[in-house]
1. Looking at the stretch 16-54, which of the residues that are modelled with pLDDT under 95 and loosely packed, with under 11 Cβ neighbours inside 10 Å is farthest from Asn113 (Cα to Cα)?
2. Taking Leu80 as meeting all but one of (1) touching a residue at least 12 places away in the same chain (Cβ under 8 Å); (2) open to solvent by 70 Å² or more (accessible area, probe 1.4 Å); (3) not in a helix (DSSP H, G or I); (4) not small (Gly, Ala, Ser), write down the number of the exception.
3. Please verify whether Glu72 is free of Cβ contacts under 8 Å to residues at least 60 places away in the same chain, in contact with a Lys or Arg (Cβ under 9 Å, 6 or more places away or on another chain) and loosely packed, with under 13 Cβ neighbours inside 10 Å, treating the condition exactly as stated.
4. Looking at Ala64, Ala24, can you tell me which residue is under 20 Å from Asp101 (Cα atoms) and either touching a helix residue (DSSP H, G or I) at 6+ places or on another chain (Cβ under 7 Å) or part of a loop (DSSP other than H, G, I, E, B) (or both)?
5. Run Leu9 past the list (1) open to solvent by less than 60 Å² (accessible area, probe 1.4 Å); (2) at pLDDT below 95; (3) farther than 23 Å from Leu100 by Cβ and report the number of the one that doesn't hold.
Amino acid sequence: MDKSRRKELMQAYSERKAATGVFAVKCAPTGDAWVGWSKSLDKRQNGLWFQLRTGTLLEAPDLASAWKMHGEDAFTYEILEEIAEDDPHKLGRLLDERMLDWRAKLDGKPVANR
């Protein structure tokens, strides 16, 4: 790949809009789910997994405990719904509404939103 094409691809990547929406972390052995929302769904899993691996996830101690008990391979990260809304006030309300709806559907527990 030549330098100009690489630069073009890197520019396009940096300008892409992050996917916003609702996600769940699920534990296969127990069936438990933790549901939250993120303004950057693709980065949220990396952040959560890092905190869980290093034992620094403080806002969901039950998730951290389950991770420690069952191990990383027992968990999945699922994007439940992507939300496209440009108005930040509407987006905030919509994210909260959809997250609460998904928590009810999955009998999910809270995990910090970011």
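The values are calculated or read from the model by the stated rules, or taken from the named source; none is laboratory data. None of these values were measured; they are calculated from a predicted model. As a convention, Cβ positions derive from the backbone with ideal geometry for all residues, glycine included, and neighbour counts pool all protein chains shown. Accessible surface is based on the protein model in full, side chains and every heavy atom, while ligands, DNA and RNA are left aside. Shrake-Rupley method; radii C 1.70, N 1.55, O 1.52, S 1.80 Å.
1. Checking each candidate, the answer is Arg16.
2. (2)
3. Spelling it out, Glu72 is indeed free of Cβ contacts under 8 Å to residues at least 60 places away in the same chain, in contact with a Lys or Arg (Cβ under 9 Å, 6 or more places away or on another chain) and loosely packed, with under 13 Cβ neighbours inside 10 Å.
4. Ala24
5. That leaves (1) as the condition not met.
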